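Visitor: Sharing a structure, written as structure tokens. Questions coming.
Read-outs throughout are calculated quantities, based only on the coordinates presented, and are distinct from any laboratory measurement. Remember, it's a predicted structure, so these values are computed and weren't measured experimentally. Using ideal geometry, Cβ is built from the backbone for each residue, glycine included, and neighbour counts are taken over all protein chains shown.
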Amino acid sequence: MTLEVHKDWQKILRDSQEDPGGWIEFPNGLRQYFLFKNEATGASIAILDFPKGVGIPVKHAHASNQAMICMEGEYHYTDSDIVLTPGSFYSNPKDHPHGPTMAVERSVLIEFYDGPHYYDKPSFHSDDTYKTTLTD
Ligand SMILES: [Fe+2]
């Protein structure tokens, strides 16, 4: 069962590569591809693609519960010394401070939120990238 689910995610990742216009590009090189958005609740599922050396630069919290599956790479939560590698599952309760983070290698993560990502625009978002998170 687990292996079959992983194969499904691998297919979703391949399909996303065939839709280059669907990716949101951040100034630091991070790319985000939304697979699902619930406009009413702010819940979402997205692919995150961090280049090597890029991460979220500050400790922060989310306005909803967050979970991630690491598909590729090595993604480091530098303060708590948690390292995600392919197959790792990470969850982060609403309002729990975490980060900063750093992609030790290019890292691809599937990210789930059960509601809005943030209460207010964080410092690492521009107006353009923030509006994609359904926090309005
Ligand atoms: Fe976060």
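Visitor: How about segment 14-122: which GluC sites (Glu not before Pro) there lie in a loop by DSSP and see at most 14 other Cβ atoms within 10 Å?
Guide: Passing both the DSSP loop test and the Cβ count: GLU18, GLU39.
Visitor: Still on this structure, please answer the following. What is the sum of charges, Lys and Arg at +1 and Asp and Glu at -1, for the other residues whose Cβ falls under 12 Å from the Cβ of LYS52?
Guide: On the way: positive: ARG106; negative: ASP49, GLU72, GLU74, GLU105.
Counting the neighbours of LYS52, the net charge comes to -3.
Visitor: Right, here's the next one. So, R0 is 22 Å and r is the distance between the beta-carbons of SER91 and LYS52; what FRET efficiency does that work out to, to 0.05?
Guide: Approximately 0.35, to the nearest 0.05.
Visitor: What's the center-to-center distance, using Cα atoms, between segment 83-122 and segment 1-73 in Å?
Guide: Here the two parts' Cα centres lie 9 Å apart.
Visitor: State, in angstrom, two size descriptors of the chain derived from its alpha carbons: Rg to one decimal place and Dmax to the nearest whole number.
Guide: According to the Cα coordinates of the chain, Rg and Dmax are 14.1, 41 Å.
Visitor: Using a Förster distance of 35 Å, how high is the FRET efficiency between ASP127 and GLU4, based on the Cβ-Cβ distance and rounded to 0.05?
Guide: Result of the calculation: an efficiency of 0.30.
Visitor: Counting only other residues whose beta carbon sits under 14 Å from that of TRP9, what net charge do I get with K and R as +1, D and E as -1?
Guide: -3
Visitor: Here's another thing I want to ask about it. Excluding SER107 itself, calculate the net charge of residues whose Cβ lies under 9 Å from the Cβ of SER107, where each Lys or Arg counts +1 and each Asp or Glu counts -1.
Guide: Taking every other residue near SER107 into account, the sum is -2.
Visitor: In sequence order, what are the phi-derived ³J(HN,Hα) couplings for segment 11-27 according to the Karplus relation 6.51 cos²θ - 1.76 cosθ + 1.60 with θ = phi - 60°, rounded to whole Hz, with x for glycine and proline?
Guide: 5, 4, 5, 4, 4, 5, 5, 8, 10, x, x, x, 8, 9, 9, 8, x
Visitor: Taking the alpha-carbon distance from LYS121 and a cut-off under 24 Å, which lysines remain once sequence neighbours fewer than 8 residues away in the same chain are dropped?
Guide: Cα-Cα hits under 24 Å: LYS37, LYS59, LYS94, LYS131.
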